[in-house]
Structures are given as C-alpha cells and as structure tokens.
1. Can you check what the net charge comes to around V152, using other residues whose Cβ is under 13 Å from the Cβ of V152 (Lys, Arg +1; Asp, Glu -1)?
2. Within 14 Å, Cβ to Cβ, of N181, how many net charges do the neighbouring residues add up to if Lys/Arg are +1 and Asp/Glu are -1?
3. Semi-axes of the equivalent ellipsoid for the stretch 36-175, please: Cα gyration tensor eigenvalues, times 5, square-rooted, ordered largest first, whole Å.
4. So what are the three principal axis dimensions of the stretch 120-189 from its Cα atoms, in whole Å, longest to shortest?
5. What residues qualify as long-range amide H neighbours of F283, i.e. H under 5 Å apart, gap of 5 or more or another chain, H built at 1.01 Å from N?
6. With the radius of gyration and the Kirkwood radius both derived from the Cα set of the stretch 237-285, what is their ratio Rg to Rh?
7. Could you let me know the centre-to-centre spacing of the stretch 115-177 and the stretch 246-271, using Cα atoms, in angstrom?
8. Using the eigenvalues of the Cα gyration tensor, what equivalent ellipsoid semi-axes result for the stretch 224-329 when each is taken as the square root of five times the eigenvalue, whole Å, largest first?
Amino acid sequence: MNFSSSRAASRQYWIGFLLLLFCQPIFAAEQLTPRDWLERMMDAVQKLNYQGTFVYLHDNQLEIMKIAHAVNGDKVRESLMSLNGAPREVIRDEESVTCVMPGSNEVSVDKRSPSKKFLNILPQDLAQLEGHYSFRMSGNDRIANRQAQVVVIMPNDRLRYGYRFYLDLESGLPLKSDLMNEHGEAVEQTMFTDLEIGVAEISELHQRESLFTYRLKNNEGTSLSNEADSRWDFLKLPAGFRLSMQHQLHDPMLSAPIEQYVFSDGLGSLSVFIEAETRSEAFSGVSRLGAINAWGGQVAGYQVTAVGEVPAVTILGVVQGMKLKGSND
C-alpha cells in the first residue's frame, strides 16, 4: 500500500469513528418510547439548573420572557422576567410567589405556592393519562440551535386538549411546547430562543438596592381555607375528570365566601367558582379567549362561573351536572 492510499484509508477510518461517536446518543435516543421521553422531561424540568429566553404566543399576543430555574438540594427557586411590555418579574419557590412591578414601585408577596411551576405540567404518574390520551413520537426538529425529539400527547376524544413537546436530545428539557385545541390547532406556544443548562442566576431581592424605594404589598385581602364538606354534587362529570381540590375564598368585600372546585384529568383542568350573591358585574354567558373557555350564569339561585383550559363542551358538562344538595331541581 502506498502512502496516498494509506492516508485515504486512515482518513476514512477516523471519519467512520467520529460518525459512530456522534451518532451514538441519537441511536440511544431512538430506543426510548414516548413515555420514556415524557418521564425524562419531567425529571429534567424538576432537577436541572437552567436559564434562557423564551417566547410565549397566546391570544395573538407575543411575550418575551427570561427564565432562571435553580435547584439546591430539595429547594427550588424560579425567576421569570418580562422583556417586552410592562416590566415585571415573578420569583417563586415552594412557599410563596413574589411579583416585582417597577412601573408601580411595588413588590407583591403571595404566601400561597403556585399549583404548577413553569414547564412542570404533567402529573407524576403518567399512567393516569393513558385512558384518555395517546403518546406518540413525531420526528425530530431543531429549536434554539439544539436538536429535539418531538413527542405528542393526543387526546382520545374532544373533551380535552393535547400537547406537542420538542424535547432536547441532550437534557430532555422542553425546548418548545404547543397546546393544541380539540381541532388540533396550536392555541398556545412556548419556545426557547436560547438556553443554558447547568447555570441559573437568581439574585436575592434583599440585595437589590433599587428595591429600597418600593412598597411591599402583601396579598391578604383574600384568604383561603379548606372546606371539608361540599354543599354541591357534581353528577356525570366528563370522562376522566375528578375533583382535585376544594376550598373557600374569603374576601372582606363579600358577605359570604366564594367556593372553588377544581376538576382535572391529570393534564387538563377547570375551576368552578360559586357565589351566594349575584353582583351586577357578574359574568354571564359563554366566552372564549385562546385556549381558555368560560361559562357564567345562575344555578339553583347561586352565581356560578366555570373557567379552564379545556374545550367548551367539557365546561358545560361539569356545569350541567351541578346540583345543590337537598334541592329537588
């Protein structure tokens, strides 16, 4: 073998070696099932440090946000900062949600922790979704200059919405997500434009000199308490939906508390608010704004408002099955 042929053989060897090296993660990724990918996503959004910029498209409005998600042991802090429109920043942890509003020089603190964190929208047990949703792969794409596996959660009926996730091959983080209505149309979209993994910079509020002139506003006007016994029956709930939360909202401006019932199938959810008084400005009728449907009206003499990111038929199914205990209606 002469020198030139030896060089050619050597070059082909190294090209083959490099292709094998770089293709190994892709081959391994292709062996994962859709459920494997979703479980990997759930693990990533909870345990990884990351920061970046994403766009949020909803109701024909585009918001640009900066996010930082920091994990320290079992402590999680998350910061969301708007980069367009009115300036604001939301910092949330397991105990409270703090909102900084430079426009009004206020810092608002809500001691109730958020029910869902950003990106962390799936239930811990995916098995509860399998009766009403199907999981499937949908090819590959590139988002924020990163390779992504597309995984779709498709509803098996028109009672709920679906999701399409573009998951980072390297980390499993969702680089993009589409919320799809009952017609398969994307009604909300979230997409990273840049992302750093392993980094999360969130400064403490007390270290910011610019906040010294801000007013502290505690959200104590409306309090919350658990309600053990319900005065209402919800008959013939849409398939898969169960009561997941029930409590009362106490507002000093109202003579009676507002009852809230939250129903969920593990992914989609809606809330029913019941007031003993009918206010002149109370919402009545049906409404739709992007992915959110709402219904307002009278049930057994009470003002009822139902709202959620579910199809209108699901909202109506819950409301039509309401019955005040002891009534003959």
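1. With Lys, Arg at +1 and Asp, Glu at -1, the neighbours total +2.
2. Values: positive: R158, R160, R164, R288; negative: D59, D157, D178, E182, E185, E188, E309.
With Lys, Arg at +1 and Asp, Glu at -1, the neighbours total -3.
3. Details: eigenvalues 159, 63, 55 Å².
After diagonalising the Cα gyration tensor, the semi-axes are 28, 18, 17 Å.
4. Projected onto its principal axes, the Cα set of the stretch 120-189 covers 35, 26, 20 Å.
5. HN-HN under 5 Å from F283: empty list.
6. Rg/Rh: 1.06.
7. 28 Å
8. Numbers: eigenvalues 80, 54, 42 Å².
Ellipsoid semi-axes (Å, largest first): 20, 16, 14.
Readers should treat all values here as calculations from the given coordinates under stated rules, not as data from a laboratory. Because the structure is predicted, anything quoted here is derived from the model rather than measured. In this analysis, Cβ positions are derived from the backbone assuming ideal geometry, glycine residues included, and neighbour counts consider all displayed protein chains.
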